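Computed from the coordinates by the stated procedures, all read-outs in this text should not be read as laboratory data. In this text, all values refer to a predicted model and were calculated from it rather than measured experimentally. Here the Cβ positions follow ideal geometry from the backbone for every residue, glycine too, while neighbour counts run over all protein chains shown.
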Amino acid sequence: MRLCDKTIHKLSDLLDKKEISATDIAVDTLRRIDEVNAKFGGYITILDEEQVLAQAAEADRRITAGTRKGKLDGIPYALKDNMCTAGIKTTCASKMLENFYPPYNAAVYDYLSESGGVLIGKCDMDEFAMGSLNENSALAHSKNPWDDAKVPGGSSGGSAVVTASGQAVFAL
């Protein structure tokens, strides 16, 4: 089993025991994205490798220093693309917001950042979260990785896809 397929709890334990690093998890997750994102989708925006690895390196420094912030420190995650992230594109899966970079963060993103989570990217969704099948995105297309004859589900289908296919350890 690859690192990107393990649970938050298992990865957190391995990080605490220093059997793996946050960078190891991030690299494995980025590799999985390279392998399956073209087939299943799930993301509208993926942070560049340098950004992701810088976050993981910060987590590794805290872990080495014995100042790990908690169970999510060093764990790769994704956000639904309707949660604002200052300086990171937030589109709500709409062409109208295709190039919108918010000047502020959603509180949940601040909380996850403060906990040391490693943001991988922003997930596909029904445009403006209006829908229940994740078939109404103007910017991406997500496929159910377990059965592509079925929808990925909900307006948060991209989050479900990236989690189910190992492109993020967890997603909101």
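Can you give the longest stretch of the chain with no exposed loop site, where a site means GluC sites (Glu not before Pro) in a DSSP loop (not H, G, I, E or B) with at most 14 other C-beta atoms within 10 Å?
Details: sites that count: Glu19, Glu98, Glu135.
Formally, the longest exposed-site-free interval is 20-97.
Amide hydrogen proximity for Ala171: with H placed 1.01 Å from N in the peptide plane, the residues at 5 or more positions away or on another chain lying under 5 Å are Ala78. Identify the residues of region 106-123 with backbone N under 19 Å of a label point that sits 7 angstrom from the Cα of Lys69 along the Cα-to-Cβ direction, or state none. Only 106-122 pass the distance filter.
Select from region 24-67 those trypsin sites (Lys or Arg not before Pro) which occupy a DSSP coil region and have at most 14 other Cβ atoms within 10 Å, ordered by residue number. Before the final figure, lay out the partial values.
On the way: sites: Arg31, Arg32, Lys39, Arg61, Arg62; in loops: none.
Of the trypsin sites (Lys or Arg not before Pro), not one in the loops of region 24-67 has a Cβ with at most 14 other Cβ atoms within 10 Å.
Rounded to the nearest 0.05, what FRET efficiency do Tyr101 and Lys18 have when you use their Cβ-Cβ distance and R0 = 30 Å? So, using R0 = 30 Å, E works out to roughly 0.25. Principal-axis analysis of the Cα atoms of the chain puts helix 22-40 at an angle of about 20° to the longest axis. Pairs over the 29 Å Cα-Cα cut-off, from the set Lys80/Lys150; Lys69/Lys89; Lys39/Lys89; Lys10/Lys89; Lys95/Lys150: Lys10/Lys89. Shape analysis of the chain based on the Cα gyration tensor places the equivalent ellipsoid semi-axes at 27, 18, 12 Å, largest first.
Contact order for region 1-74, expressed relative to its length and based on alpha carbon pairs under 8 Å spaced 6+ residues apart, stands at 41 percent. Secondary structure note: in the chain, about 35% of the DSSP beta bridges are antiparallel.
Rg(Cα) of region 81-120 divided by 2.2 N^0.38 Å? Show your work: numbers first, answer last.
On the way: Rg = 10.5 Å, N = 40, 2.2 N^0.38 = 8.9 Å.
The reported ratio for this selection is 1.17.
So how much slack lies between Asp5 and Arg31, counting 0.36 nm per residue of separation and subtracting their Cα-Cα distance, in nm?
On the way: separation 26, 0.36 × 26 = 9.36 nm, distance 1.21 nm.
In short, 8.1 nm is gained.
Within the chain, what's the longest stretch lacking chymotrypsin sites (Phe, Trp or Tyr not before Pro) that sit in DSSP loops with no more than 16 other Cβ atoms inside 10 Å?
Numbers: sites that count: Phe100, Tyr104, Trp146.
Free of exposed loop sites, the longest segment is 1-99.
Across the chain, the relative contact order, built from alpha-carbon pairs under 8 Å that are at least six residues apart, equals 28 percent.
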